[in-house]
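Single-structure report; data block below.
No value in this document is a laboratory result; all are computed from the given coordinates. Note that the structure is a prediction, hence the values are computed from the model and not measured. Here Cβ is always computed from backbone atoms with ideal geometry, including for glycine, and neighbour counts include all displayed protein chains.
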Amino acid sequence: MQRPDWYPRLVNTFEIRLFGDPVLRQRAPEVTELDGDLARLVDTMIETMHAAPGIGLAAPQVGVQKRLYTYDIGEGPGVVINPEIVESSGEWVYDEGCLSVPGLSFEIVRPKLVTVRGMDLDGNDVVIEGDELMGRLIQHEIDHLDGVLLLDRLEKAARKEAMRELRRQVEAGTLGAMTDEDTGRRL
Ligand code: NI
């Protein structure tokens with residue numbers, strides 16, 4: 001169902017932090033307590049990710065310094081707490097975007113297949129073998145937890161050009177504008 005513009009949103013969402021916000025540049029500490037507050041954080045992150053719309057969201061992107069990310073590549077939402085990549089292989093080129101760097105995407109080469117290990121909200125072990133898009137998502141979100149943005153994965157010249165474009169958009173006040181083509185590349 002298509003909701004009209006005036007339809008009230010019944011869920012809370014966070015504001016997504018954009019390029020330039022220092023919270024995106026810090027390493028997030030491990031989660032040490034699994035409690036109701038954390039469960040509410042995860043719920044609101046999933047709502048925020050769906051509303052964006054995006055397919056992956058790391059806690060620092062909503063200003064929260066904790067090592068966890070949510071995901072949904074179309075098979076239902078999930079969370080990985082204290083994620084760690086335990087195996088990676090192959091190479092895959094993907095036109096990668098980011099909710100915190102909206103409107104821009106870059107062809108980036110990264111391992112194609114990665115295995116991430118972490119836990120869910122109940123403290124159970126979670127192991128996900130991510131191929132292609134899921135593999136990319138895992139690597140992109142863990143980068144966020146380390147304060148790394150996709151711009152840092154570019155070659156020097158491409159990075160310089162991207163930074164120039166981003167500064168131009170920040171000055172023009174147009175950072176945050178997205179096109180329909182961005183859908184599906186928002187990590
Ligand atoms: Ni991102």
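Just a few scattered comments:
- Separation in nanometres of the label points that stand 7 Å from Cα toward Cβ, at Arg164 and Asp152: 2.4
- Dipole of the chain, positive direction: furthest Cα of Leu99, Gly173, Tyr69, with charges on the beta-carbon: Gly173
- Convex hull volume per residue for the chain, taking Cα atoms only, in Å³: 127
- Extension gain for Arg25 to Val126 (0.36 nm times residue separation, less C-alpha to C-alpha distance): 33.7 nm.
- MRE, 222 nm, helices only [DSSP H, n ≥ 4, -39500 (n - 2.57), over the chain, to nearest 500]: -8500 deg cm²/dmol
- Shape of the range 35-119, Cα gyration tensor, a/c cut at 1.5: oblate
- For the chain, built as a Gaussian network whose Cα springs stay under 10 Å, the top-fluctuating residue of Asp37, Asp95, Asp146: Asp37
- Alpha-carbon centroids, the range 88-162 and the range 52-82: separation in whole Å: 12
- Take the chain and mark each of the GluC sites (Glu not before Pro) that is in a DSSP loop with at most 14 other Cβ atoms within 10 Å; the longest unmarked stretch, sites excluded, is 92-154.
- Given the chain, longest segment not containing exposed loop trypsin sites (Lys or Arg not before Pro) (DSSP; at most 13 other Cβ within 10 Å): 28-187
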